[in-house]
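Single-structure report; data block below.
The values are calculated or read from the model by the stated rules, or taken from the named source; none is laboratory data. Keep in mind that what you see is a predicted model, and the values were worked out from it rather than measured. Each accessible area value is taken on the protein alone, full model and side chains, heavy atoms only, with ligands, DNA and RNA left out. Shrake-Rupley method; radii C 1.70, N 1.55, O 1.52, S 1.80 Å.
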Amino acid sequence: MYKKIKVLLCASLGVMAIGCGIWLLNARSAQVDLYNQAMEALDRHDMPATLKLLDASSVAYQAESNRGWLGKLVLPAPRKDIEARAQFHKGVALVQSNKGKDAINAFWQSLRVNPGNRYTGLTSEEAALWYNDALQAKANIEKLYRAGQGDGRAKGKQGRQGQPQPGEKRDPGQQPSPGPGKQGRNTL
(Lines give C-alpha, C1' and ligand atoms only; values in the text may rest on other atoms or scores of the structure.)
Protein backbone atom coordinates (compact mmCIF):
# COMPACT_ATOMS: atom_id res chain seq x y z
CA MET A 1 0.00 0.00 0.00
CA TYR A 2 2.73 2.48 0.99
CA LYS A 3 4.74 1.46 -2.04
CA LYS A 4 1.88 2.49 -4.37
CA ILE A 5 1.53 5.85 -2.57
CA LYS A 6 5.29 6.48 -2.86
CA VAL A 7 5.24 5.67 -6.57
CA LEU A 8 2.18 7.86 -7.13
CA LEU A 9 3.76 10.72 -5.14
CA CYS A 10 7.06 10.48 -7.05
CA ALA A 11 5.23 10.32 -10.39
CA SER A 12 3.15 13.40 -9.55
CA LEU A 13 6.25 15.33 -8.41
CA GLY A 14 8.01 14.32 -11.64
CA VAL A 15 5.10 15.53 -13.76
CA MET A 16 5.04 18.82 -11.85
CA ALA A 17 8.81 19.24 -12.31
CA ILE A 18 8.56 18.58 -16.04
CA GLY A 19 5.63 21.02 -16.31
CA CYS A 20 7.57 23.73 -14.47
CA GLY A 21 10.58 23.09 -16.71
CA ILE A 22 8.50 23.49 -19.85
CA TRP A 23 6.92 26.64 -18.40
CA LEU A 24 10.36 28.11 -17.64
CA LEU A 25 11.64 27.16 -21.07
CA ASN A 26 8.82 29.11 -22.70
CA ALA A 27 8.65 31.97 -20.19
CA ARG A 28 9.14 35.40 -21.73
CA SER A 29 10.06 38.64 -20.03
CA ALA A 30 7.54 41.42 -20.55
CA GLN A 31 10.36 43.91 -19.95
CA VAL A 32 12.45 42.58 -22.84
CA ASP A 33 9.46 42.19 -25.18
CA LEU A 34 8.32 45.78 -24.59
CA TYR A 35 11.88 47.07 -25.00
CA ASN A 36 12.19 45.27 -28.36
CA GLN A 37 8.88 46.73 -29.51
CA ALA A 38 10.08 50.19 -28.45
CA MET A 39 13.25 49.79 -30.51
CA GLU A 40 11.14 48.88 -33.54
CA ALA A 41 9.03 52.00 -32.98
CA LEU A 42 12.22 54.07 -32.62
CA ASP A 43 13.44 52.71 -35.97
CA ARG A 44 10.15 53.91 -37.49
CA HIS A 45 10.69 57.34 -35.83
CA ASP A 46 7.36 56.99 -33.99
CA MET A 47 8.32 58.95 -30.86
CA PRO A 48 4.98 58.79 -28.98
CA ALA A 49 4.81 55.00 -29.37
CA THR A 50 8.50 54.68 -28.44
CA LEU A 51 8.03 56.68 -25.24
CA LYS A 52 4.90 54.72 -24.32
CA LEU A 53 6.61 51.35 -24.86
CA LEU A 54 9.76 52.39 -22.97
CA ASP A 55 7.64 53.50 -20.02
CA ALA A 56 5.80 50.17 -20.14
CA SER A 57 9.14 48.35 -20.20
CA SER A 58 10.23 50.25 -17.08
CA VAL A 59 6.96 49.38 -15.35
CA ALA A 60 7.52 45.71 -16.25
CA TYR A 61 11.06 45.95 -14.83
CA GLN A 62 9.70 47.31 -11.55
CA ALA A 63 7.04 44.58 -11.42
CA GLU A 64 9.61 41.86 -12.08
CA SER A 65 11.91 43.37 -9.44
CA ASN A 66 9.13 43.26 -6.82
CA ARG A 67 8.20 39.58 -7.26
CA GLY A 68 7.71 37.37 -4.26
CA TRP A 69 10.39 35.03 -2.98
CA LEU A 70 9.11 32.08 -5.05
CA GLY A 71 9.17 34.12 -8.25
CA LYS A 72 12.69 35.34 -7.48
CA LEU A 73 13.76 31.76 -6.78
CA VAL A 74 12.32 30.23 -9.94
CA LEU A 75 12.25 32.97 -12.58
CA PRO A 76 15.26 34.84 -13.94
CA ALA A 77 16.06 38.26 -12.52
CA PRO A 78 14.94 41.34 -14.47
CA ARG A 79 17.67 42.75 -16.69
CA LYS A 80 19.29 45.91 -15.37
CA ASP A 81 21.13 46.51 -18.63
CA ILE A 82 17.85 46.58 -20.54
CA GLU A 83 16.34 48.99 -17.99
CA ALA A 84 19.36 51.31 -18.26
CA ARG A 85 19.18 51.23 -22.06
CA ALA A 86 15.42 51.79 -21.98
CA GLN A 87 15.95 54.94 -19.90
CA PHE A 88 18.78 56.02 -22.22
CA HIS A 89 16.63 55.60 -25.33
CA LYS A 90 13.78 57.37 -23.56
CA GLY A 91 16.14 60.30 -23.07
CA VAL A 92 17.10 60.22 -26.75
CA ALA A 93 13.44 60.17 -27.80
CA LEU A 94 12.68 63.07 -25.44
CA VAL A 95 15.57 65.09 -26.90
CA GLN A 96 14.15 64.50 -30.37
CA SER A 97 10.78 65.67 -29.04
CA ASN A 98 12.43 68.88 -27.68
CA LYS A 99 11.87 67.98 -24.02
CA GLY A 100 15.34 68.61 -22.62
CA LYS A 101 14.60 68.60 -18.88
CA ASP A 102 12.66 65.34 -19.10
CA ALA A 103 15.50 63.88 -21.19
CA ILE A 104 18.03 64.79 -18.51
CA ASN A 105 15.89 63.03 -15.91
CA ALA A 106 15.76 59.91 -18.11
CA PHE A 107 19.55 59.95 -18.57
CA TRP A 108 20.03 60.34 -14.81
CA GLN A 109 17.70 57.38 -14.24
CA SER A 110 19.80 55.37 -16.69
CA LEU A 111 22.89 56.23 -14.65
CA ARG A 112 21.16 55.23 -11.41
CA VAL A 113 20.55 51.76 -12.80
CA ASN A 114 23.96 51.51 -14.50
CA PRO A 115 26.50 53.94 -13.02
CA GLY A 116 29.25 52.36 -15.08
CA ASN A 117 31.28 50.88 -12.23
CA ARG A 118 29.49 47.71 -11.06
CA TYR A 119 30.98 44.78 -12.89
CA THR A 120 30.77 41.93 -10.40
CA GLY A 121 29.74 38.76 -12.19
CA LEU A 122 30.08 40.20 -15.70
CA THR A 123 32.39 39.09 -18.46
CA SER A 124 34.90 41.61 -19.77
CA GLU A 125 32.76 42.18 -22.89
CA GLU A 126 29.63 42.82 -20.81
CA ALA A 127 31.56 45.14 -18.49
CA ALA A 128 32.83 47.10 -21.49
CA LEU A 129 29.28 47.43 -22.85
CA TRP A 130 27.93 48.60 -19.48
CA TYR A 131 30.77 51.11 -19.15
CA ASN A 132 30.16 52.42 -22.67
CA ASP A 133 26.42 52.77 -21.99
CA ALA A 134 27.14 54.83 -18.87
CA LEU A 135 29.60 57.04 -20.77
CA GLN A 136 26.99 57.70 -23.47
CA ALA A 137 24.41 58.76 -20.87
CA LYS A 138 26.93 61.06 -19.16
CA ALA A 139 27.94 62.60 -22.49
CA ASN A 140 24.31 63.31 -23.38
CA ILE A 141 23.68 64.96 -20.00
CA GLU A 142 26.71 67.19 -20.56
CA LYS A 143 25.53 68.10 -24.07
CA LEU A 144 22.10 69.04 -22.78
CA TYR A 145 23.54 71.20 -20.01
CA ARG A 146 25.89 72.91 -22.47
CA ALA A 147 22.98 73.55 -24.81
CA GLY A 148 21.07 75.28 -22.02
CA GLN A 149 18.34 72.66 -21.65
CA GLY A 150 19.12 71.56 -18.11
CA ASP A 151 17.79 73.54 -15.14
CA GLY A 152 19.13 76.83 -16.52
CA ARG A 153 22.69 76.19 -15.32
CA ALA A 154 24.30 76.09 -18.76
CA LYS A 155 25.00 79.22 -20.75
CA GLY A 156 23.63 77.85 -24.01
CA LYS A 157 24.10 79.89 -27.19
CA GLN A 158 25.54 82.98 -25.51
CA GLY A 159 28.89 81.23 -25.20
CA ARG A 160 30.48 78.06 -24.10
CA GLN A 161 30.64 77.46 -20.42
CA GLY A 162 34.04 78.45 -19.11
CA GLN A 163 34.73 81.05 -21.83
CA PRO A 164 34.14 84.64 -20.71
CA GLN A 165 32.02 87.00 -22.74
CA PRO A 166 33.55 90.36 -23.71
CA GLY A 167 33.73 92.56 -20.61
CA GLU A 168 33.01 89.64 -18.27
CA LYS A 169 35.44 88.77 -15.47
CA ARG A 170 36.72 85.24 -15.00
CA ASP A 171 36.25 83.32 -11.80
CA PRO A 172 39.49 83.00 -9.81
CA GLY A 173 39.41 79.20 -10.17
CA GLN A 174 39.38 79.47 -13.95
CA GLN A 175 42.56 81.55 -14.36
CA PRO A 176 45.17 79.88 -16.54
CA SER A 177 48.44 78.89 -14.92
CA PRO A 178 51.20 81.51 -15.25
CA GLY A 179 54.04 81.04 -17.67
CA PRO A 180 54.35 79.57 -21.13
CA GLY A 181 52.84 76.20 -22.11
CA LYS A 182 54.59 73.31 -20.45
CA GLN A 183 55.67 73.49 -16.85
CA GLY A 184 58.38 71.56 -15.07
CA ARG A 185 57.65 68.27 -13.30
CA ASN A 186 57.68 69.87 -9.87
CA THR A 187 55.01 72.44 -10.81
CA LEU A 188 51.44 71.65 -9.94
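Things to note:
- Along region 26-38 the Karplus relation, 6.51 cos²θ - 1.76 cosθ + 1.60 evaluated at θ = phi - 60°, assigns HN-Hα couplings of 9, 5, 10, 8, 5, 4, 5, 4, 5, 4, 5, 5, 5 Hz to successive residues, with x for each Gly and Pro.
- Remark: the residue 124-residue 17 segment gains 35.0 nm on full extension, using 0.36 nm per residue and subtracting the alpha carbon distance.
- Accessible area (Å², 1.4 Å probe, nearest 10) - residue 142: 100
- Take the convex hull of the alpha carbons in region 33-73; its mean projected area over all directions comes to 2.7 nm².
- Among the listed pairs 80/101; 3/72; 52/101; 72/143; 4/72, a Cα-Cα separation exceeding 27 Å is found for 3/72; 72/143; 4/72.
- The order of 35, 119 by accessible area, most exposed first and with a 1.4 Å probe, is 119, 35.
- Set the Cα radius of gyration of region 23-106 against 2.2 N^0.38 Å, with N its number of residues, and you get 1.18.
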